[in-house]
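Asker: Starting off with a structure, shown below.
The values are calculated or read from the model by the stated rules, or taken from the named source; none is laboratory data. Everything numeric here is computed off the predicted structure, so don't read it as measured data. A quick note on method: Cβ atoms are made from the backbone with ideal geometry, for glycine too, and the neighbour counts reach across all protein chains shown. Just the protein is used for accessible areas: all its heavy atoms, side chains included, with ligands, DNA and RNA removed. Shrake-Rupley method; radii C 1.70, N 1.55, O 1.52, S 1.80 Å.
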Amino acid sequence: MKLSFSIVVPFYNEEDNINFFLDEIINVISRNMIFYSFEIICVDDGSTDSTGVILNEYKLKTDLLTVLNFSENKGQSRAIHYGIQNAIYENIITIDGDCQNDPNDIDKLLIIFKNNKKLSLVAGERIKRKDIAIKRISSVLANYFRNLILKDGCKDTGCSLKVFKKNIFLEAPFFDGIHRFIPAIFVGFGNNVKYVKVNHRPRLKGKSKYGISNRLFKGLRDIFLVKKIIQNKLN
Ligand SMILES: Nc1nc2c(ncn2[C@@H]2O[C@H](COP(=O)(O)OP(=O)(O)O)[C@@H](O)[C@H]2O)c(=O)[nH]1
Ligand SMILES: [Mg+2]
């Protein structure tokens, strides 16, 4: 039987990125449709620009697309979690909607996932991050401390491009920030994971929604919460 994948994408004020992003994704799906089944779930997280309108316009062009809307901004974690809860397929692909991840890497991740039945997660690690220095440095720090405590072996947990089993992700209780701990949770729950080098592109349109204060410090605090979640699960 064909493996099937729900592609879950969070969007917060990404009006200038949506059409290009979805064109690229549809391209990837078209060339892989003989091997796998797909749906795309876009979560508009209370955007205040035309994101919702543009997503709904795109929906008229393809029946692969489902658009979910929050009336107010609930954050990237909640958007991804809600998208996954609504996914019809048993496997999930996550990717950012701002065109910084390269959808062409999906082929590579899918082949590895398909050929290694024991893997529950294949996660991208961006080789050359096209972000500002402060963001790259804070990311190295956060990855170092998380790895020290949670030992997930992941060098770049912030890379959204991932393929994984839905049921394992949904075994973990939700918390705001969970999307940064997917490898740690999978490893902590005793699953096999693999990391794969992927491309990263500069953000050409729109603005990043994160700075140091709303990511690094919260990320460090959440390490201990995840440690507890893993201990609770194993006891
Ligand atoms: N749903 C949702 N998505 C968000 C939020 N903040 C960022 N995103 C999305 O998450 C992805 C990554 O965000 P971005 O700001 O580019 O983060 P960066 O690449 O790490 O700087 C993009 O697709 C954003 O639209 C948010 O509050 N809610
Ligand atoms: Mg980005």
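Asker: So if I check each of Leu234, Leu150, which one is at pLDDT below 95 and away from ligand 2 (no atom under 14 Å from the Cβ)?
Answerer: The conditions single out Leu234.
Asker: Looking only at residues in the range 88-129 that are within 15 Å of ligand 1 (Cβ to nearest atom) and basic (Lys, Arg), which one is surrounded by the fewest Cβ atoms within 10 Å (Cβ to Cβ)?
Answerer: Here the answer is Lys128.
Asker: Out of (1) near ligand 1 (Cβ under 10 Å from one of its atoms); (2) basic (Lys, Arg); (3) over 25 Å from Ser208 (Cβ atoms), what's the single condition that is false for Arg78?
Answerer: For Arg78, the failing item is (3).
Asker: If you go through the range 8-19 one residue at a time, do you hit one that is assigned to a helix (DSSP H, G or I), open to solvent by 10 Å² or more (accessible area, probe 1.4 Å) and either within 21 Å of Leu68 (Cβ to Cβ) or away from ligand 1 (no atom under 13 Å from the Cβ) (or both)?
Answerer: Yes, the conditions are met somewhere in the range 8-19.
Asker: Taking the range 162-174 as the search range and keeping residues that are part of a helix (DSSP H, G or I) and among the hydrophobic types (A, V, I, L, M, F, W, C), which one is most open to solvent (accessible area, probe 1.4 Å)?
Answerer: Restricting to residues being part of a helix (DSSP H, G or I) and among the hydrophobic types (A, V, I, L, M, F, W, C), the top hit is Leu170.
The rows are residues; the columns are (1) under 14 Å from Val122 (Cβ atoms); (2) assigned to a loop (DSSP other than H, G, I, E, B).
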residue	(1), (2)
Ser138	no, no
Phe145	no, no
Ser160	yes, yes
Asp176	no, yes
Ala184	no, no
Gly190	no, yes
Leu204	no, yes
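Asker: Could I ask something else about it? Considering only residues that are within 16 Å of ligand 2 (Cβ to nearest atom) and closer than 24 Å to Leu225 by Cβ, look in the range 130-141 and name the one that is surrounded by the fewest Cβ atoms within 10 Å (Cβ to Cβ).
Answerer: Lys135
Asker: Any idea how many residues of the range 176-230 are open to solvent by 60 Å² or more (accessible area, probe 1.4 Å), under 17 Å from Lys135 (Cβ atoms) and modelled with pLDDT under 90?
Answerer: So the count comes out to 7.
Asker: So Ser37 ticks every box in (1) within 26 Å of Lys118 (Cα to Cα); (2) open to solvent by 10 Å² or more (accessible area, probe 1.4 Å); (3) within 16 Å of ligand 2 (Cβ to nearest atom) but one. Which box is left unticked?
Answerer: Tallying (1) within 26 Å of Lys118 (Cα to Cα); (2) open to solvent by 10 Å² or more (accessible area, probe 1.4 Å); (3) within 16 Å of ligand 2 (Cβ to nearest atom), Ser37 fails exactly one: (3).
Asker: Determine which single condition Glu72 fails, assuming it passes every other condition in (1) open to solvent by 10 Å² or more (accessible area, probe 1.4 Å); (2) more than 16 Å from ligand 2 (Cβ to nearest atom); (3) closer than 15 Å to Asn13 by Cα; (4) touching a strand residue (DSSP E or B) at 6+ places or on another chain (Cβ under 8 Å).
Answerer: Every listed condition holds for Glu72 apart from (4).
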